[in-house]
1. Could you please give the count of residues in the range 126-164 that are among the hydrophobic types (A, V, I, L, M, F, W, C) and in contact with a His (Cβ under 9 Å, 6 or more places away or on another chain)?
2. Checking the structure you have, find out if any residue of the range 241-263 is over 21 Å from Ala152 (Cβ atoms), in contact with a helix residue (DSSP H, G or I) (Cβ under 9 Å, 6 or more places away or on another chain) and among the basic types (Lys, Arg).
3. Restricting attention to strands (runs of 3 or more DSSP E) lying wholly within the range 229-308, give those where 1 or more residues are in contact with a Pro (Cβ under 6 Å, 6 or more places away or on another chain), assigned by TED's automatic domain parsing to the domain that holds Ala165 and without any contact (Cβ under 8 Å) to a residue 12 or more places away in the chain.
4. Picking from Ala202, Ala131, which residue would you name as being of a type in the set (Gly, Ala, Ser) and at pLDDT 95 or above?
5. Residues Leu146, Leu184: which one is touching a helix residue (DSSP H, G or I) at 6+ places or on another chain (Cβ under 8 Å) and touching a residue at least 40 places away in the same chain (Cβ under 8 Å)?
6. Within the range 55-73, is there a residue that is in contact with a strand residue (DSSP E or B) (Cβ under 9 Å, 6 or more places away or on another chain), modelled with pLDDT of 90 or more, outside any loop (DSSP other than H, G, I, E, B) and polar (S, T, N, Q)?
7. Tally time: how many residues in the range 121-161 are within 14 Å of Ala30 (Cβ to Cβ) and hydrophobic (A, V, I, L, M, F, W, C)?
8. Just checking, how many residues over the range 245-257 are in contact with a Leu (Cβ under 7 Å, 6 or more places away or on another chain) and of a type outside the set (Gly, Ala, Ser)?
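The values are calculated or read from the model by the stated rules, or taken from the named source; none is laboratory data. Note that the structure is predicted; figures quoted are calculated from it, not measured. FYI the Cβ positions are ideal-geometry reconstructions off the backbone, even for glycines, and counts take in every protein chain you see.
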Amino acid sequence: MEYSPWLAYEDVPEPVIERPTDVIVRIAGAGVCGTDLQLIKGFWRDHLHIELPLILGHENAGWVEEIGSAVESVNIGDPVIIHPMRSEDPSCGPGFRSRAAERGFYPGFNRPGGFAEYMLTEERRLVRLPAHFSPMDAAPLADAGLTAYHAARRASMHLTPGNYALVLGAGGLGHVGIQVLRALSAAEIIVVDMSVAALDLARMVGAHYTFIADEQYTQKILALTGGRGVEAVIDFVGKDCTVKEGLSITRKGGYYYLVGYDGQLTISTLEMIRSEKTIVGILGGTFPELNELITMVDRGLVALTITE
């Protein structure tokens, strides 16, 4: 089977328990991530050992359907969300997802994912949801929400009252990132997007300033910050233009968090030395962070806007 822009809808065998710590989840909802679209196009073929055909879907939540003999933390019928890439690889740090996904068990990447009625996973990937949560609505938290949380949480560590944080892109990830920044920091939050509707949503969830992504937005932000620039940028777009423009308004010694990956990062070594900026790549988030995010949603600090 070849990579292509098309998907097939087929009947497949139901998964079965293979190991004592395995769990079968009846899927309630599975988010469609930008990475799924890139996988379909073959973008990741040189980075992951993917065998086709593959059932996609790594943003998954549902109910425990069957458990292995050694499973203790969940029971049949429990509502759960599934961490997509939790690793046992010690090189990845405590609770972190693998940086070498071909070595592990990763549904939606190298094992059948959640675009199906049932999915086989492992106990150590499951977070029990509060009883009042809808697993269908919670599914995008597994990756889109988690990635945004991971980026915003890291950025918030460098933000103090009176600082400015810039969010590029207020879509599925961006609107979560805005809420996390608002909850974890006292920074002034600036949001840039091409869509008026996205900027309306950004203001609704906590942005202090919004700008349409036109040719003047960088100058407007520099004027707002007194020519200094922003302390932290979270780039959920990752195109050539956003990287260039975002870095240009990151203050000296500031932080640039790159989440989107649809372009090239080009910067001179002299500029890096002169500016002492820090550029950080963001991929997913940790298992503890997924628990933290669920807690924030449960307390009303973060709310998802979902399109079915």
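1. 5
2. Looking through the range 241-263, at least one residue is over 21 Å from Ala152 (Cβ atoms), in contact with a helix residue (DSSP H, G or I) (Cβ under 9 Å, 6 or more places away or on another chain) and among the basic types (Lys, Arg).
3. Hits in the range 229-308: none.
4. Result of the check over Ala202, Ala131: Ala202.
5. Result: Leu146 is the single residue among Leu146, Leu184 that is touching a helix residue (DSSP H, G or I) at 6+ places or on another chain (Cβ under 8 Å) and touching a residue at least 40 places away in the same chain (Cβ under 8 Å).
6. Taking every residue of the range 55-73 in turn, at least one turns out to be in contact with a strand residue (DSSP E or B) (Cβ under 9 Å, 6 or more places away or on another chain), modelled with pLDDT of 90 or more, outside any loop (DSSP other than H, G, I, E, B) and polar (S, T, N, Q).
7. 6
8. Counting residues in the range 245-257 that are in contact with a Leu (Cβ under 7 Å, 6 or more places away or on another chain) and of a type outside the set (Gly, Ala, Ser) gives 2.
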